[in-house]
């Protein structure tokens with residue numbers, strides 16, 4: 001077994017103890033050897049503790065091949081010292097996907113002026129749709145709230161189309177809480193218009209994911225979000241571009257270019273008004 005550790009100033013003995021517990025508990029349910037990642041979260045107050053517990057709770061609700069599974073977890077109490085003020089540490093165990101994220105792949109491809117084929121674009125997109133549909137169609141629907149290339153793991157199998165897995169799930173929040181959370185965590189070029197300035201009585205649903213999915217589809221095609229051009233233009237405003245869905249199509253295109261129907265499909269998802277934006281079942 002190989003364990004990759006994502007950690008902040010790890011304490012070796014405590015980390016080895018937690019990993020040992022993971023190995024003993026997880027090995028009893030798995031027959032194959034694998035590579036896993038331990039995500040360490042430093043918890044400084046009760047609000048952060050509840051947030052981590054909610055992340056764990058939400059992650060355990062999903063069972064789908066295009067959603068990253070939480071294999072195991074542990075939350076332990078720690079004693080504070082003059083150098084540290086946190087009270088708990090959480091350790092979350094995930095499978096590792098060594099090929100990295102869709103964002104990393106797109107960055108490499110853009111530097112080489114390379115593009116996914118239309119087939120691969122739609123294959124990756126279909127997998128993201130399948131994962132999100134699973135979340136949205138639960139008895140209590142859940143929105144991801146942060147769909148973007150950085151949160152998509154991509155595995156390139158030899159002779160196989162890419163495998164896409166969505167990770168980093170959000171939690172259910174009230175409108176103003178969600179707006180505050182989005183401003184801190186959701187990349188602006190992928191943030192739905194209703195998450196920029198929403199009144200307390202706003203009815204925000206999982207169609208925020210459809211907007212972000214449309215931006216991500218554009219990025220799969222061209223390497224950037226549909227609205228990243230705006231801040232670089234004279235008098236340009238990212239907020240105005242998003243709220244008015246001012247999509248600027250890239251001039252550098254693959255050969256042959258993507259079909260116009262695919263552009264229209266992106267535009268259909270990027271409806272500024274949530275009430276007329278399609279749902280996952282429509283897509």
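Observations, loosely collected:
- For the pair residue 60 and residue 111, label points projected 7 Å from Cα toward Cβ lie 4.1 nm apart.
- At R0 = 45 Å, FRET efficiency that the Cβ-Cβ distance of residue 76 and residue 260 yields, to 0.05: 0.25
- Computed packing ranks the peptides 215-226, 40-51 as 215-226, 40-51, most packed first, by mean other Cβ atoms within 10 Å.
- With the cut-off at under 19 Å, measuring from each backbone N in region 207-228 to a point 7 Å along the Cα-to-Cβ line of residue 248 picks out 215-228.
- Spacing of the modelled spin labels on residue 279 and residue 45, each 7 Å from Cα toward Cβ, amounts to 3.7 nm.
- Residue order for 187, 59, 117, 275, fewest other beta carbons within 10 angstrom first, comes to 275, 117, 187, 59.
- Placing dummy labels 7 Å off each Cα toward the beta-carbon, the span from residue 237 to residue 87 is 4.3 nm.
- Relative packing of peptides 241-251, 146-156 - highest average C-beta neighbours within 10 Å first: 146-156, 241-251
Coordinate-derived values only; no laboratory data. Quick caveat, the model's predicted, so the values are computed rather than measured. No Cβ is skipped: glycine too gets one built from the backbone with ideal geometry, and neighbour counts run over all protein chains shown.
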